[in-house]
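Visitor: Pasting a structure here, questions to come.
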Amino acid sequence: MKTKMPEILSFISEEAVSRKMTSEEIAVHFGYDKHHFSRKFKEINGFSVVELLSSSKVEKAIFELDEEKRILDLQERSGFESSGSFTNTFKKYTGSSPKEYKTEMSEIFYDVKRFETDDQDQSIAHFEEKSQSFCTVTIEVPDGFEMGIIFIGLFRTLIPNHMPISGLATKNLIGNKLKNIPSGDYYLLACGISHSNNILSYFNLGNSLRGKEDDRLSFPNCSGNHYTIKLREPIPEDPPILVNVGKLLISRLKNTI
């Protein structure tokens, strides 16, 4: 199954969501038993089929939030069977209801832009608890990337659909330090948003550059290590990036005032 995984991941993100397929239907589509498929899928990817399906649906809804659609329309177009499951899943992964998120996009955008252009604020950190563990990260970007904001974070899964354990919004490519990392195993992920005047650029991260450290990192064993992440263009099998980085950034900015 591992050799077919890029095809499976692309299918889930591009076809299964719009066709409202279940994990069992996806398994049958590729000729696998449901239980074997689910077990091997999580073993290979570090997240479940159901989690990827739900995250992909939320990403689809975020992409269409700027259009004048009713919440019910968003629910149906993104593949959720009920308004309750849509709202609950959306809030679980973004921290806001669909209606709140749409309002926040407009309210937060100008603060995010101010951070992007302010020479004084070079980075803003987020962490869950105090700890002695840390790591440093260097970011490499492709030629032609117009520097906007780089987001770096440690996450529990390879789908960044939750707040980072330790995260950083930065305009620096070198010397980025993730601090206060609690004991545990995490994935180091990063994405880059080009300088933009498009409000969706900061909320729908489907087109943002991304990169990761291939191996899961265990702390405190990895404390003090340095990592280099090379950002690249997204590919169809990439999982969605759902963490509300705009909201995270502004909440930290306000705490520093």
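Visitor: Which numbered condition in (1) of a type outside the set (Val, Ile, Thr); (2) over 23 Å from SER18 (Cβ atoms); (3) surrounded by fewer than 15 Cβ atoms within 10 Å (Cβ to Cβ) is the only one that MET105 fails?
Guide: Failing condition for MET105: (3).
Visitor: Report yes if some residue within the stretch 116-124 is in contact (Cβ under 8 Å) with a residue 60 or more places away in the chain, assigned by TED's automatic domain parsing to the domain that holds THR228 and in a helix (DSSP H, G or I); otherwise report no.
Guide: Checking the stretch 116-124: at least one residue is in contact (Cβ under 8 Å) with a residue 60 or more places away in the chain, assigned by TED's automatic domain parsing to the domain that holds THR228 and in a helix (DSSP H, G or I).
Visitor: Quick check on GLU76: is it over 16 Å from THR157 (Cβ atoms) and of a type in the set (D, E, K, R)?
Guide: Here the answer is yes, as GLU76 does meet what is asked.
Visitor: Looking at the stretch 145-168, is at least one residue surrounded by fewer than 16 Cβ atoms within 10 Å (Cβ to Cβ) and of a type in the set (D, E, K, R)?
Guide: Checking the stretch 145-168: at least one residue is surrounded by fewer than 16 Cβ atoms within 10 Å (Cβ to Cβ) and of a type in the set (D, E, K, R).
Visitor: I'd like to verify a number: residues in the stretch 163-198 that are under 21 Å from GLY144 (Cα atoms) and not basic (Lys, Arg), how many?
Guide: Number satisfying all stated conditions: 14.
Visitor: Then there's this: So for the stretch 95-102 (the condition being touching a residue at least 60 places away in the same chain (Cβ under 8 Å), assigned to a helix (DSSP H, G or I) and within 20 Å of ILE193 (Cα to Cα)), does at least one residue qualify?
Guide: Checked against the condition, which is being touching a residue at least 60 places away in the same chain (Cβ under 8 Å), assigned to a helix (DSSP H, G or I) and within 20 Å of ILE193 (Cα to Cα), the stretch 95-102 yields at least one hit.
Visitor: Among the strands (runs of 3 or more DSSP E) lying completely within the stretch 129-242, list those that include at least 2 residues that are in contact with a strand residue (DSSP E or B) (Cβ under 8 Å, 6 or more places away or on another chain) and either of a type in the set (Lys, Arg) or not assigned by TED's automatic domain parsing to the domain that holds ASP118 (or both).
Guide: Ranges flagged: 209-212.
Visitor: Can I ask one more? If a residue has to be more than 22 Å from the chain's Cα centre (by Cα) and either hydrophobic (A, V, I, L, M, F, W, C) or crowded, with 16+ Cβ neighbours inside 10 Å (or both) to count, how many in the stretch 16-28 make the cut?
Guide: 4
The values are calculated or read from the model by the stated rules, or taken from the named source; none is laboratory data. Keep in mind it's a predicted model, so treat the numbers as computed, not measured. Note that we place each Cβ from the backbone using ideal geometry, even for glycine, and neighbour counts take in every protein chain shown.
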